[in-house]
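The values are calculated or read from the model by the stated rules, or taken from the named source; none is laboratory data. Small disclaimer: the values here were computed from a predicted structure and weren't measured. Methodologically, a virtual Cβ is constructed for each residue, glycine included, from the backbone with ideal geometry; neighbour enumeration extends over all protein chains shown. The protein model used for the area step is the full one, side chains on, heavy atoms only, and it has no ligands, DNA or RNA in it. Shrake-Rupley method; radii C 1.70, N 1.55, O 1.52, S 1.80 Å.
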Amino acid sequence: MKDDVRWVKTHCARMDHGGCALLVGVKDNKIVSIKGDPDGFLNKGYICPKGVASPDRLTHSDRLKHPLKRAGKRGEGKWKQISWQEALSEIAQNLNKIKEKYGAKGVAFGVGMPKGLEHFVLIRLANIFGSPNVISSQDVCHAPREITGVHTCGFYPVANLHHKSKLVLLWASNITSTNEEGEISSMLLEQLKHGAELIVVDPRKIDLVKKSKKWLQLRPGTDHALALGFLNVIIEESLYDKDFVENWTYGFEDLAEHVKKYTPEKISEITWVSPDQIRASARLYATSKPAVIQWGNPIEHNIYTFDTTRALICLMAVCGNLDVPGGNVHAKDPKIMGLGQFVRSDLIPDKRKEMISAYHGVIPRLMTIAPSFFKKAILEGVPYPIKGFYAMCANPMLSYADSRQTYEAFMNLDFIAVADLFMTPTAAMADIVLPVASQFEMDDIGHYGLGHGFILARPKVVDPPEECWPDIKIMNELGKRISPAEYWHNDYSQFLEDVVNPGDLTYSQFVEKGYLKGPDRFKLYEEKGFRTPTGKVELKLSTAGKFNLSPLPTFTGLPEEDDPEYPLVLTNSKSQYYLHSSYRWIKRLREKRPEPKAEIHPHTALQYGIKEGDEVIIETRYGKITQIAHCTDIVDPRVINASHGWWFPEEEAESLYGWKKSNFNFLTSAEKLGKEFGTPNLKAIGCKISRK
Ligand code: SF4
């Protein structure tokens, strides 16, 4: 019987940001076994519990299997099964109607975090349709790091864990729990095995603290201050790389003068990290060469994310760790189709001026719309009305800041179509719901367009249920109905060929290889300079005046002022068993984390009369929810760490699956936003707690 099992190599997808190579055993069109592939470029055989459970998505009894049309009021949970032809015609009619009345920009296209080729087919669909508005949570994931990098040093400085580092500065990245985009924890553990030292910057005592030389338990939301404190020590103590600073940076004298005020003593008052810890850690980073900063997206959950990412890139630069092996590098792509060409950006030349966020004066090069601006456009018509929404692989009702406002916004849309695997609180608000094929059921390419210098083959392993279509196919067919057919393919799989053909490869040849990686070429700046206006790393931004940006990274305050009414600092984290709001329906994962836990220090719990397992009401200025108390010294006594992304698929459709009960985004606000990216404050909110 064992011989009947066919083993297929592919890569994990849609379970987190990672990209583990997998060996998948298939029999009779069913996945019967799954394991990490020892040849994996990123994971070398590693697989996490989510990866192991990932085939359960395919065979789950609640999976959407047919297109549905709303048959009751919006959100009422009443549906009528329709054919694909009806579904696509209905969507096309509605989007075209909105286009006639409000222009193409009256329709927005939304994406969660699929990290496959469909992400870029969606942007292509929007561009060809003529809408500049692609809504994505990139404001809190990826964009601040990438775009600040482009402005500061001309590229997105990704952690180069493939070459030996002397030290890893793990900043807001719980990588053994939730792997990072393009980086798998096994790579970091390998570094430690080979002698790299580790500094952890995290408000929680994460597992990797055990392996660290130093742990800086900072107050949530003060990363910008701490990074400036590091710069103060390194510059004041003359620990920086003199040669690099002299030849390859712009504005060092100004930065040096500017950071004088951020003494460890002052920064300690803000961050709760002791001056000695700040000094010792900054010295260790500056004197270990090469050193790499592995940063996670929590630094982007802050209205001051621009200052944090600027300060961290300045740190990389002044310590000579930019674009060196084992540092933070400019990853070079293999020979593949360029992103602009793939998404047909030529068809929408005025996108930058026309997109909603242009009105809000965001940083140049941010090409997606922050959700908070999207909702403003729906609710206030600012800068113009949005009336239609096509979303895939996204659950904004849980993932956008201020869930109450998100609900109101969705109730105000004329038309919503959602493509997903399962019914979610967001799909439940739609007019048309489309059933999609999952990973393992479609050919795909991973990590295209993400700046990590490689792409991963994700060939199909089994056939999808008959009426479940890959997102790419859906958009290829919808595209023909809402835009000129010449921009779409007869067969959607041609998109996969388009990406790899420039390297003289077919998709099947690419699958044989497993992945394509660009060349390792470091210090390219020595030949060509940095791709900034000054040709150097801009510690001080030469374009600050032109783009209304702060020239130097600055601490301007806490994301929220302290308020005695809400004496605790609320932060949140993701579970290793889920991806944002996904997969609560997978039994194997739900058994591991059955309920939303709120971490409370035992002293704080005692003070509030709360015991392990109690239902706890968490309340902020914006709302209140209930989670289950977990008393643990993993957090500081002044901090509450709640769980993100919770709803209950087992609850009634009419209640939108219990989405109000424990959903963290009832505790957040979309009013005070970072000016560069439109980012809300998600990680440092004043709160109070009580036993229910
Ligand atoms: S770490 Fe991420 S990519 Fe790897 S198996 Fe787990 S979910 Fe998949």
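Overview of values
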{"item": "Unique match (being away from the ligand (no atom under 16 Å from the Cβ) and within 21 Å of Leu398 (Cα to Cα)) among Thr571, Thr543", "result": "Thr571"}
{"item": "Some residue of region 265-284 being open to solvent by 10 Å² or more (accessible area, probe 1.4 Å) and under 20 Å from Leu322 (Cα atoms)", "result": "yes"}
{"item": "Options Glu486, Glu497, Glu526: the member that is without any contact (Cβ under 8 Å) to a residue 24 or more places away in the chain and within 18 Å of Asp333 (Cβ to Cβ)", "result": "Glu497"}
{"item": "Check on Gly326, out of contact with any Phe, Trp or Tyr (no Cβ under 9 Å at 6 or more places or on another chain), modelled with pLDDT of 95 or more and surrounded by fewer than 19 Cβ atoms within 10 Å (Cβ to Cβ)", "result": "no"}
{"item": "Options Gly77, Gly106; residue that is modelled with pLDDT under 95, more than 14 Å from the ligand (Cβ to nearest atom) and open to solvent by less than 40 Å² (accessible area, probe 1.4 Å)", "result": "Gly77"}
{"item": "Single condition Glu651 does not satisfy, out of (1) open to solvent by 10 Å² or more (accessible area, probe 1.4 Å); (2) in contact with an Asp or Glu (Cβ under 6 Å, 6 or more places away or on another chain)", "result": "(2)"}
{"item": "Matching option when the condition is within 16 Å of the ligand (Cβ to nearest atom) and in contact (Cβ under 8 Å) with a residue 24 or more places away in the chain, among Ser89, Ser186", "result": "Ser186"}
{"item": "Scan of region 468-496 for residues that are out of contact with any Leu (no Cβ under 9 Å at 6 or more places or on another chain) and of a type in the set (Asp, Glu), ordered by number", "result": "Glu486, Asp491"}
{"item": "Residue satisfying all of: in region 1-19; in a strand (DSSP E or B) and without any contact (Cβ under 8 Å) to a residue 40 or more places away in the chain; farthest from the ligand (Cβ to nearest atom) among these", "result": "Arg6"}
{"item": "Filtered residues of region 181-211 (kept if under 21 Å from Arg145 (Cα atoms) and either open to solvent by 20 Å² or more (accessible area, probe 1.4 Å) or of a type in the set (A, V, I, L, M, F, W, C) (or both))", "result": "Ile184, Met187, Leu188, Ile199, Val200, Val201, Pro203"}
{"item": "Selection status of Ser345, open to solvent by 30 Å² or more (accessible area, probe 1.4 Å), among the polar types (S, T, N, Q) and in the same structural domain as Glu497 (by TED's automatic domain parsing)", "result": "yes"}
{"item": "Residue match in region 145-152 (condition: part of a helix (DSSP H, G or I), crowded, with 23+ Cβ neighbours inside 10 Å and modelled with pLDDT under 95)", "result": "no"}
{"item": "Tabulated pairs, region 594-620, first within 20 Å of Phe666 (Cα to Cα), second surrounded by 14 or more Cβ atoms within 10 Å (Cβ to Cβ) and at pLDDT below 95, C-beta under 8 angstrom, 6+ apart or interchain", "result": "none"}
{"item": "Given (1) outside any loop (DSSP other than H, G, I, E, B); (2) open to solvent by 10 Å² or more (accessible area, probe 1.4 Å); (3) away from the ligand (no atom under 16 Å from the Cβ), index of the condition His163 fails", "result": "(1)"}
{"item": "Residues within region 372-395 that are in a loop (DSSP other than H, G, I, E, B) and open to solvent by 20 Å² or more (accessible area, probe 1.4 Å), tallied", "result": "7"}
{"item": "Options Ser483, Ser508: the member that is within 17 Å of Ser89 (Cα to Cα) and hydroxyl-bearing (Ser, Thr, Tyr)", "result": "Ser483"}
{"item": "Within region 233-243, tally of residues that are within 19 Å of Thr152 (Cβ to Cβ) and open to solvent by less than 10 Å² (accessible area, probe 1.4 Å)", "result": "1"}
{"item": "Contacts under 7 angstrom Cβ, first residue in region 59-76 being over 30 Å from Ser33 (Cα atoms), partner at pLDDT below 95, 6 or more apart", "result": "Glu76/Glu654"}
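Yes/no per residue for (1) open to solvent by 30 Å² or more (accessible area, probe 1.4 Å); (2) within 12 Å of the ligand (Cβ to nearest atom); (3) in contact with a Phe, Trp or Tyr (Cβ under 6 Å, 6 or more places away or on another chain):
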site	(1), (2), (3)
Leu22	no, yes, no
Gly25	no, no, yes
Asn29	yes, no, no
Ser33	yes, no, no
Gly36	no, yes, yes
Gly40	no, yes, no
Tyr46	yes, yes, no
Ala53	no, yes, no
Ser61	yes, no, no
